[in-house]
Amino acid sequence: MNKHLMQWTYLVLMVLALASCSSTQGPGTQPTDSREKRQGLMSYAQQDFFNAANLLSRANELHPRDPEVFNALLDAWYQMGEYVRIWQLLNQDPWRTPQSSLIEAELMVIQNQCDQATVVTASVQPELLTAEWQIRYWDIQTSCHASNKAWLEAAVALIKVNQLVTDPATRQLNDDQIVRYLIQVPQEQLIMMIGASEDELIEGWIEAAYINFGADGTSGAGWLNQWQGHPASYYFLDFNRVNNQQKVAVLLPLSGRFEEVAQAIQEGMLAAVLSDAGNQNELLFFDTGSQGENLANAWFSAQEQQVDLIIGPVDKNSIEQAVQLPEATTPVVLLNQADSNYFQFTLSPETEAEEVAEQMIADGHKNVIIMAPNDAWGERMTKAFAQRFVDLGGQITYNSYFQPAQNDYSAQLRQVLGLVESQLRARNLQQFLKLNLNAEEVVRADVDAIFLAARPAFARLMIPQLKFHRAADIPVYATSHVFDGLNNEQHNKDLEGVIFAISPIEIEAPYLFEILSFDLNKINSDKKLFAFGFDAYQLIARLEWMSRVNTGMIEGLTGDIRLGLTKTFRRSLLWAVYRNGLVRSLQD
């Protein structure tokens with residue numbers, strides 16, 4: 001947390017105020033007067049901590065347990081980083097003042113000993129201290145709550161800090177952190193806290209967090225009307241729409257081999273424009289060509305027209321060129337992955353694989369088998385999943401690639417699932433006992449689940465064969481690429497039991513029919529790409545807001561969208577399972 005150093009005039013007042021705190025120190029403590037004390041306190045007030053420490057050390061020897069001397073000496077050492085001297089003095093005498101207890105707790109926080117710091121500060125009454133010492137008290141509480149992931153308590157403590165801070169820049173930084181804490185508080189906990197605080201400032205923050213700072217673009221209006229002037233309003237989407245109508249360049253391959261992809265994205269963006277009543281942005285579409293041959297012309301033409309934002313390009317060839325060109329003079333949201341400092345909003349398969357890893361860990365699966373097609377896509381998916389899964393504490397028991405063109409995977413599956421070893425163990429046991437045993441093959445016991453990186457055709461071959469080879473009870477997880485439509489019951493029966501990620505528009509989440517101004521069933525293009533374009537448009541009004549509230553969220557058609565610290569947008573998907581040829585949502 002910030003160490004709020006005292007300004008000259010304020011420090012003089014604080015030094016004078018120390019005497020008023022002495023009545024809380026207990027028996028045996030009394031202010032004294034000496035030349036060393038007067039000069040030492042003056043040097044301390046002037047932030048000349050070196051001379052202050054020397055003078056106050058002599059004063060403390062002459063007049064031990066003088067609260068003014070004791071507090072100023074410890075703090076002078078603290079400001080200089082002389083932590084060993086602080087510990088030595090504190091260990092010499094168990095006597096404490098509230099200020100010395102706070103300094104002791106600050107040292108414990110530095111040493112990651114928050115449990116001890118909490119005990120040390122338990123008897124401190126912050127309301128009896130000067131504002132500067134109150135700030136330090138609440139800074140300690142903030143740090144310790146945050147280290148324990150008690151996000152609501154950390155936010156409340158930091159709100160109390162900001163009630164005392166006078167520097168606008170510091171207040172703004174603290175407000176940023178308050179938002180980061182509150183975004184991580186579970187919704188259930190926020191609900192229980194609404195109306196529970198007698199502090200209106202805290203209540204306003206909690207209610208703001210409950211509606212996710214107006215992330216949906218509509219719920220913020222009521223809050224802003226009720227809490228006018230509240231610091232949380234700065235983080236509301238509605239409050240930050242200074243320029244409602246922006247000029248946006250959209251760079252897409254509108255001709256050539258990616259034409260259908262571009263048209264689906266374009267249709268989604270135009271549908272979003274029509275749904276954005278009263279805040280319609282001006283979209284300028286530029287064709288980047290089939291191989292990115294028009295990218296440079298589109299790139300510079302967009303900037304010459306003084307657009308407020310560039311969205312795209314989407315194909316790899318165009319993106320490779322874009323990142324080599326001189327940096328754009330306006331913000332850019334790339335629609336594919338790149339090694340770049342621009343914003344990136346993608347339908348990355350690798351990111352989905354990482355999300356599957358997170359879900360499997362959350363579901364308690366720690367030992368898994370990876371099965372993927374033996375091609376470049378399968379290798380990328382395997383690498384992304386494995387790296388994230390291991391980072392989260394999981395273990396890859398077996399990793400196997402399969403030839404997509406092959407129809408019978410029996411031999412390979414028997415090895416992967418441990419059936420060959422099971423058969424060999426049974427045979428060896430029969431030979432050893434010299435008996436005919438009726439032993440069944442069993443799947444290896446060190447597997448909790450299977451990650452299947454697959455598109456529909458490959459998955460329909462693999463799932464029935466897994467069941468045939470005694471793996472019917474092992475959960476199988478997949479990305480959205482295994483999905484092949486809601487009305488494909490006959491084919492989907494071959495995918496029985498597969499758990500997979502899916503975007504809201506693909507599963508036709510019921511709430512979409514309530515909030516969208518158009519009929520989902522009338523979308524003729526690829527729904528996922530349509531949703532991608534729709535959500536890309538939503539970023540226009542929210543980009544600045546999400547850059548500030550980097551854990552803020554948009555409820556999009558492709559998933560819940562958040563902006564990471566690396567300027568890459570992440571999508572959280574829904575989860576579904578195949579049951580009797582139908583797709584069943586796991587959120588129901």
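Throughout, read-outs are computed from the coordinates displayed, never taken from laboratory work. The shown structure was predicted, so the numbers you read here are calculated from the model rather than taken from an experiment. Using ideal geometry, Cβ is built from the backbone for each residue, glycine included, and neighbour counts are taken over all protein chains shown.
Annotations
- For Lys316, a cut-off of 17 angstrom between C-alpha atoms picks up these aspartates and glutamates, skipping any fewer than 8 places away in its own chain: Glu259, Glu260, Asp287, Glu293, Asp339, Glu350.
- Residues whose amide H falls under 5 Å from that of Leu392, counting only those 5 or more places apart or on a different chain, are absent, with hydrogens built in the peptide plane.
- Axis of helix 259-275 versus longest Cα principal axis of the chain: the two differ by about 50°, to the nearest ten degrees.
- On Cα atoms only, tilt of 83-92 relative to the major axis of the chain in degrees: 60 degrees
- Mean separation of Cα contacts under 8 Å, 6 or more apart, over the residue count of region 217-362: relative contact order %: 20 percent
- Note on Asn297 and Ile194: their simple-model spin labels are 5.5 nm apart, each label 7 Å out from Cα toward Cβ.
- Put in line by how crowded their Cβ is, counting other Cβ atoms within 10 Å and starting with the fewest, Cys114, Cys144 read Cys114, Cys144.
- Distances between placed amide hydrogens fall under 5 Å for Asn294 paired with Gly289, all partners being 5 or more residues away or on another chain.
- Cα gyration tensor shape of region 247-344, rounded if a/c is under 1.5, else prolate or oblate by comparing a/b with b/c: oblate
- Ordering Thr121, Thr142 by the number of other Cβ atoms within 10 Å of each residue's own Cβ, fewest first, gives Thr121, Thr142.
- Cα-based values for region 299-418, radius of gyration first and Dmax second, are 19.8, 63 Å.
- Estimated FRET transfer efficiency when R0 is 25 angstrom, pair Lys467-Asp391 (beta carbons, to 0.05): 0.20
- Helix 98-110 axis, angle to the chain major axis (alpha carbon atoms, nearest 10°): 30 degrees
- Descending principal axes extents, the chain, alpha-carbon based, whole Å: 94, 82, 47
- Loop-located GluC sites (Glu not before Pro) across region 502-563 with a Cβ neighbour count of 16 or fewer within 10 Å are Glu508, with loop assigned by DSSP.
- Relative contact order for the chain: 10 percent, from Cα pairs under 8 Å spaced at least 6 residues apart, divided by residue count.
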